[in-house]
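Asks: Structure incoming, see below.
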Amino acid sequence: MSTQANNDGTVGKALSVLDLVADFGRPVRFSEILENSNQPKATLYRFLQTLTNQRLLSYEAERQTYSLGMRLVGLAHLAWKQSSLAPIARPFLDKLSAATGETIHLAQLDNGQVLYVDKCNAKNPIDMYSQAGKVGPGYCTGVGKAIMAFLPKEKQERALRQQAYFQFTEKTHLNAATLRDELDVIAETGFSYDREEHEAGIICIAVPILTENKRVLGGISITSTTTQTSLEGMDVYKSILSETAQQIGTTAANWQFPT
């Protein structure tokens, strides 16, 4: 149970139970939830009942399992339309995907982590972690670093503190000091790279999406594999990637996204 959930009282605790069920990625029994929760048995059961009654969870009586409820699907769709860049950016992503034939990611930063809000698959799809709706680490993804590099210093430092610095590959940043050094370079050049830092064999080039007054809205990346190209080879996309980000930023200038 996180400190934030405790500070947010009953609602925070109930939502942490919802997150716990979601993290299993499959229908889950009460005993499994209890084993991974800090809540007392009776309290946990009460939260599960309330979430089920509100259709945020679904209960399968025959198998005695809980799974995410359909009400969340509707809420997620509304959030996608109202709180993400995705609806505005989609036409530009489609154009970029058609021009490059590569995988395109659109992401926003959420508590220091990367939330993938849209994705256009390559002509020859790549098997990788990132999918629309998934949350990835900010410190070892090209799009995460591109966004963080252009945050105001106070927000950037907060985002640096929110990173886990888990070593996914031998090229992953292990601390804030090395990451901060790279963010300074990205802020100067305008471009970020994933050098197989999150997944072996996966590389990308990324840029932030900025408004005219340099407020960071999100970021986009073009992703490929080391079997198909190299980091140097990805530089051929610099111009079209920057142009696409600028078009999205201009179009979204009057849209009030959550910050």
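Asks: Given the residues LYS41, LYS95, LYS81, which is the only one that is modelled with pLDDT of 90 or more and within 30 Å of ALA245 (Cα to Cα)? Talk me through it step by step, then tell me what you get.
Replies: Numbers: LYS41 fails: within 30 Å of ALA245 (Cα to Cα); LYS81 fails: modelled with pLDDT of 90 or more.
Criteria check complete, one pass: LYS95.
Asks: Test of understanding: among VAL216, VAL207, which residue is at pLDDT below 95, closer than 19 Å to LEU115 by Cα and touching a strand residue (DSSP E or B) at 6+ places or on another chain (Cβ under 9 Å)?
Replies: Values: VAL207 fails: at pLDDT below 95.
Sole residue among the options that is at pLDDT below 95, closer than 19 Å to LEU115 by Cα and touching a strand residue (DSSP E or B) at 6+ places or on another chain (Cβ under 9 Å): VAL216.
Asks: Are there any pairs with C-beta distances below 6 angstrom linking a residue in region 79-95 that is among the hydroxyl-bearing types (Ser, Thr, Tyr) to a residue that is modelled with pLDDT under 90, with the two at least 6 apart or on different chains, and if so which?
Replies: What qualifies is SER83/PRO258; SER84/VAL117.
Asks: Condition (residue is within 22 Å of ALA98 (Cβ to Cβ) and either at pLDDT 95 or above or outside any helix (DSSP H, G or I) (or both)) applied to region 153-163: is it met by at least one residue?
Replies: Taking region 153-163 and keeping what is within 22 Å of ALA98 (Cβ to Cβ), we get none.
No.
Asks: Within region 25-59, work out how many residues are in a loop (DSSP other than H, G, I, E, B) and within 15 Å of LEU72 (Cβ to Cβ). Spell out how you get there, then give the answer.
Replies: Looking only at region 25-59, we keep the residues that are in a loop (DSSP other than H, G, I, E, B), and these are 25-27, 36-40, 54-56.
After this cut, where a residue has to be within 15 Å of LEU72 (Cβ to Cβ) as well, the list is 25, 27, 54-56.
Counting residues in region 25-59 that are in a loop (DSSP other than H, G, I, E, B) and within 15 Å of LEU72 (Cβ to Cβ) gives 5.
Asks: Another question, if that's okay. Which condition breaks for ALA200 when tested against (1) out of contact with any strand residue (DSSP E or B) (no Cβ under 6 Å at 6 or more places or on another chain); (2) part of a helix (DSSP H, G or I)?
Replies: Going through the list (1) out of contact with any strand residue (DSSP E or B) (no Cβ under 6 Å at 6 or more places or on another chain); (2) part of a helix (DSSP H, G or I), ALA200 breaks only (2).
Asks: Moving on. Would you please list the contacts, defined by Cβ atoms under 7 Å and residues six or more apart or on different chains, that run from a residue in region 37-48 that is under 16 Å from GLY9 (Cα atoms) to a residue that is loosely packed, with under 15 Cβ neighbours inside 10 Å and not aliphatic (A, V, I, L, M)?
Replies: Pairs that qualify, where the first residue is under 16 Å from GLY9 (Cα atoms) and the partner is loosely packed, with under 15 Cβ neighbours inside 10 Å and not aliphatic (A, V, I, L, M): there are none.
Asks: Out of region 146-161, which residues are surrounded by 24 or more Cβ atoms within 10 Å (Cβ to Cβ) and more than 12 Å from the chain's Cα centre (by Cα)? Show your work before the answer.
Replies: Step one: of region 146-161, the residues surrounded by 24 or more Cβ atoms within 10 Å (Cβ to Cβ) are 146-149.
Once the filter is applied, which keeps residues that are surrounded by 24 or more Cβ atoms within 10 Å (Cβ to Cβ) and more than 12 Å from the chain's Cα centre (by Cα), region 146-161 yields ALA146, MET148, ALA149.
Asks: Would you please list the contacts, defined by Cβ atoms under 9 Å and residues six or more apart or on different chains, that run from a residue in region 161-172 that is closer than 14 Å to GLY136 by Cα to a residue that is β-branched (Val, Ile, Thr) and in a loop (DSSP other than H, G, I, E, B)?
Replies: Between residues of region 161-172 that are closer than 14 Å to GLY136 by Cα and residues that are β-branched (Val, Ile, Thr) and in a loop (DSSP other than H, G, I, E, B), the close pairs are TYR165/THR172; PHE166/THR172.
The values are calculated or read from the model by the stated rules, or taken from the named source; none is laboratory data. These numbers come from a predicted model, not from an experiment. Backbone-built Cβ (ideal geometry, glycine too); neighbour counts: all protein chains shown.
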